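Structure first, then comments.
The values are calculated or read from the model by the stated rules, or taken from the named source; none is laboratory data. What you see is a predicted model, and the numbers here were worked out from it, not measured in a lab. Cβ coordinates were reconstructed from backbone atoms using ideal geometry, including for glycine residues, and neighbour counts include every protein chain displayed.
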Amino acid sequence: MTNAQIADTLELLADLLEFQGANPFRVRSYRNGARTIRDHAESIESIVAADPRRLLDIEGVGDSVADKCVSLVQTGRLEQLEALQAEVPESVVKLLRVPGVGPKKAATLHKELGIRSLAELEQACRDGRVRSVRGFGAKTEEAILRNVVFAEKAELRILWADADRVAVDMLAHMRSSPVVRRAEMAGSYRRGRDTVGDLDLLVVAADREAAMDHLAHAPRVRETLARGETKMSVRLDSGLQLDLRAVPAESFGAALQYFTGSKAHNVELRGRAKDRGLKINEYGVFRGDEPIAGAEENEVYAAIGLPWFPPELREARREFEWADAGRLPKLIEPADIRGDLHMHTTATDGRATVEQMVEAASRLGYEYIAVTDHSRRVTMARGLDPARLRAQWKAIDRLRGRRSDGPAILKGVECDILEKGGMDLPDDVLAEADWVLASIHYGQRQSRAQITERVLEAIEHPHVNAIAHPTGRLLQRREAYEIDLDAVFQAAARHSKILEVNANPARLDLDDIQCAAACRHGIPIVINTDAHGPEGLDDMRYGVTQARRAGLTRDDVLNTRPWKQVERILARGH
DNA sequence: GCCGTTTTCGGCCCGACTGTTTTCAGTCG
C-alpha cells in the first residue's frame, strides 16, 4: 500500500468523523497525519516491515495513526473505518464538497431530509424542501443550487501553467486601476505548486470600494460570490475562484506572507514568533500591541530572526532546519540552464525540424541541445529504427559542419524500454550516441515489480545515460504506472545514472519530495522540456520551479554545467 | 488525536463573511 493510499484512507476517516460531529481537533489530527504521510519520503510499508515503532518519529503521527498504518499495511483494512462506513453512506461525504456546506449543515440535511447524495440535495433544493429546515433559508437553497456543480467536478485544480495565464491577466487588470498602489498574487500559485485550486490576490488601494468595483468589472469575472469591506470572492470564466483582499500598506508584507502559506509553514512561523514573545498575523508582527514589522515580507521574517524564504520552499519540510543551520540553499534559476537534453523533431512526432529546434535553442542562448527522437517501438510516433536514426545523425553531422555558432547539437535518442525488458535498439547503435535517454511507453499495466525490474535493467545498461520521465506520472490523470522509486534511486546512485525532471507542465514524474530524495542519493538531475516544437523549449521554467520546490541548487542539476563537464559525469556511468 | 517537558492536561489560529436569527452559528481560508 502506497503512502498516498494510506493518506487517502485517513482523509476519508477524517471526513466521516467530521460529518458525525466528532471533536474537530481529532479530525484535524487525522488530516495532519494524512498530510505528513503523503509527504513522507520513505514508504510507510517499509517502515512497518522494519520497525513499526519508527512511525512515531514522524511528526504528527501518534499511537492512533501509527496503529492504523500498521493495520492498513498488514491487512489492507481498517476496522474503525468499516464501522463508520456502515453508519454513514459514503455518498453523503460528497455533500461536504459543496461550497458553503460544512459538516454541520450536511449532517442536518442528512438527518432532517434523509439526503444521501448530491443528486438528492439538488432535488430537495428545487422542491423548496431545504428552506423549510431550521437554520436554512431561501438564500442558502439558491447558493447550494449554484454551487452543487462545483462539488460534482470533484476538485477543481488547474495546472500551474494555466493558472499563470489567468493570474498574469488579473494582476495586469488590477494594476491598471488608478486606485491600486500594490498588487500581488499569493497562495499556492505563488509557491509554484504544480496545480492551483484558487487564486489569492492582495492589493493596497487608495479606495477599497473602487478597487473591488474594478475587480468586479474584469473581463474574466463571471460572478461575485461574496463582498465585504476588506474581502471579496469572485468566480472567473474558467470556474476558478479568486479571492481579493484589500490590506493597508503597513500590513502588505505580513498579508503576503500569511496568504502565501503554506498553512504548515505558517503554523511553524507562528510557533517561533510565540517563543520570542511575539504575535504574528496577517496584519503584522506585534510585541504586545505594538507593531514591529508588516510592510515588507522580508521584515516580517527578520523580526522572527529568519531569512526571507523563496515561496517555493514554504511547505514546512526542510526550510526551517536549513535556516537554523544558516544553509538555506541558493535555489536554481531559469538563467542557470545551459542546455536542453530531450526534444523531438519531425523525424518522429515533433512539429519542427532539427534546424528549427536548433534556431529556437540558439535564441534561448543554450550552449547545447540533444535531439532525442523516439525509437522504433513507438510506432504511433513513427519511431526510428537503426537506419533512420543513423541517417538523422549523419544529417546532424552535416548541420554541425555548416554552423559556426549556436548550440552544440548532440546526437541523442529516447530509446524505449521494451515490455519484455531490454532496450529497443541494439547496443552498437546506442554506443554511437552522445546521449541516451531510456523511457517506458508500453506495458504500463504490468505489475510494480515488473516495471521496476525493466527500469533497473535500463539503469544497469552501459549505454543508457538517463531515465526520462521516471514515473510516467501525469497530473490530473491516474498514475501511469507504479514503480518502486526507492529501488530506482539506489540503482541510479550505484550506476551513476541520471534522472530527468520533465518540464512539461502536465507532468509530475518526480514531485518535490521525490526529487529531493533523489538528490540526497547523490543522483544528478537533468531538467528537460521534452519539446515537440520550438515553443515547447519555453516550458523549461516549469521544470525549474519544480526543482526549486525540491530545494535544488545549480550544482544539483546537470544541465547547468558546460557540456565538457557533463561528458565527464556521463563517463562515470559507463 | 497530537504535543510538550517552565504543561501528562489543556491547548490546538483566528478573523472575515454570510445568512438567519433577534445576538450568533457555520463556513472558509
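For region A:176-188, the set of residues classified as farther than 25 Å from A:GLU209 by Cα and at pLDDT 95 or above is empty. The residue of region A:238-249 that is modelled with the lowest pLDDT, among those that are within 9 Å of DNA strand B (Cβ to nearest atom) and of a type outside the set (Asp, Glu), is A:GLN241. Just for region A:116-132: of the residues that are within 13 Å of DNA strand B (Cβ to nearest atom) and within 37 Å of the chain's Cα centre (by Cα), which one is surrounded by the most Cβ atoms within 10 Å (Cβ to Cβ)? Only one residue fits best here, namely A:LEU121.
In region A:133-171, the qualifying residues are those that are of a type in the set (Phe, Trp, Tyr) and touching a Gly at 6+ places or on another chain (Cβ under 8 Å), and the one that is surrounded by the most Cβ atoms within 10 Å (Cβ to Cβ) is A:TRP160. Scanning region A:65-104 for residues that are within 20 Å of A:ILE37 (Cβ to Cβ), within 14 Å of DNA strand B (Cβ to nearest atom) and exposed (fewer than 13 other Cβ atoms within 10 Å of the Cβ) turns up just one, A:GLU79.
Among the residues of region A:404-418, which ones are crowded, with 17+ Cβ neighbours inside 10 Å and farther than 23 Å from A:ALA531 by Cβ? Selection gives A:LEU418 alone.
Among the numbered conditions (1) at pLDDT below 90; (2) away from DNA strand B (no atom under 11 Å from the Cβ); (3) outside any helix (DSSP H, G or I), the only one that A:VAL285 does not meet is (1). Scanning region A:353-384 for residues that are in a strand (DSSP E or B), more than 14 Å from A:ILE440 (Cα to Cα) and in contact with a Ser or Thr (Cβ under 7 Å, 6 or more places away or on another chain) yields a total of 2.
Would it be correct to say that A:GLY365 is under 17 Å from A:ALA466 (Cβ atoms) and in contact with a Pro (Cβ under 9 Å, 6 or more places away or on another chain)? No: the conditions fail for A:GLY365.
Applying the condition of being closer than 18 Å to A:THR372 by Cα and touching a helix residue (DSSP H, G or I) at 6+ places or on another chain (Cβ under 6 Å) to region A:454-470 and asking which residue is surrounded by the fewest Cβ atoms within 10 Å (Cβ to Cβ) yields A:HIS463.
Applying the set (1) in contact (Cβ under 8 Å) with a residue 40 or more places away in the chain; (2) assigned to a loop (DSSP other than H, G, I, E, B) to A:HIS173 leaves exactly one unmet item: (2).
On the stretch given as region A:425-441, residues that are acidic (Asp, Glu) and either under 23 Å from A:PRO470 (Cβ atoms) or surrounded by 22 or more Cβ atoms within 10 Å (Cβ to Cβ) (or both) total 2. Set side by side, the residues A:ASP349, A:ASP405, A:ASP397 differ, and just one is outside any strand (DSSP E or B), charged (D, E, K, R) and within 31 Å of the chain's Cα centre (by Cα), which is A:ASP349. A:GLU184 falls short on exactly one of the conditions (1) surrounded by 14 or more Cβ atoms within 10 Å (Cβ to Cβ); (2) away from DNA strand B (no atom under 14 Å from the Cβ); (3) not in a strand (DSSP E or B), and that condition is (3). A residue that is modelled with pLDDT of 95 or more, closer than 23 Å to A:GLU315 by Cβ and among the aliphatic types (A, V, I, L, M) can be found somewhere in region A:530-542. Checking each residue in region A:135-154 for being outside any helix (DSSP H, G or I) and either more than 9 Å from DNA strand B (Cβ to nearest atom) or touching a residue at least 12 places away in the same chain (Cβ under 8 Å) (or both) picks out A:GLY135, A:PHE136, A:LYS153, A:ALA154. Every test in (1) within 24 Å of the chain's Cα centre (by Cα); (2) under 27 Å from A:LYS564 (Cβ atoms) is passed by A:ALA487 save one, and that test is (2).
If you check A:ASP539 against the conditions, is it in a helix (DSSP H, G or I) and more than 19 Å from A:LEU437 (Cβ to Cβ)? Here the answer is no, as A:ASP539 does not meet what is asked. Taken over region A:201-222, the criterion of being surrounded by fewer than 22 Cβ atoms within 10 Å (Cβ to Cβ) and in contact (Cβ under 8 Å) with a residue 40 or more places away in the chain is satisfied by A:VAL204, A:HIS214, A:ALA218, A:PRO219, A:ARG220. State all residues of region A:4-50 that are of a type outside the set (Gly, Ala, Ser), away from DNA strand B (no atom under 13 Å from the Cβ) and modelled with pLDDT under 85; if no residue qualifies, say none. Answer for region A:4-50, where residues must be of a type outside the set (Gly, Ala, Ser), away from DNA strand B (no atom under 13 Å from the Cβ) and modelled with pLDDT under 85: A:ARG38, A:ASP39, A:GLU42.
For beta carbons closer than 7 Å, sequence separation of 6+ or different chains, a first residue in region A:447-458 that is closer than 7 Å to A:ILE483 by Cβ and a second that is hydroxyl-bearing (Ser, Thr, Tyr) and surrounded by fewer than 22 Cβ atoms within 10 Å (Cβ to Cβ), the qualifying pairs are A:ILE451/A:TYR481. Looking only at residues in region A:319-346 that are touching a residue at least 40 places away in the same chain (Cβ under 8 Å) and farther than 22 Å from A:VAL526 by Cβ, which one is surrounded by the most Cβ atoms within 10 Å (Cβ to Cβ)? Top of the filtered list is A:GLU319. Residues of region A:189-237 that are polar (S, T, N, Q) and not in a loop (DSSP other than H, G, I, E, B): A:THR195, A:THR224, A:SER233. A single member of A:ARG220, A:ARG235, A:ARG227 is of a type in the set (Lys, Arg) and near DNA strand B (Cβ under 8 Å from one of its atoms), and it is A:ARG227. Selection of region A:441-461 for residues being at pLDDT below 95 and assigned to a loop (DSSP other than H, G, I, E, B) yields A:HIS441, A:TYR442, A:GLY443, A:GLN444, A:ARG445, A:GLN446, A:SER447.
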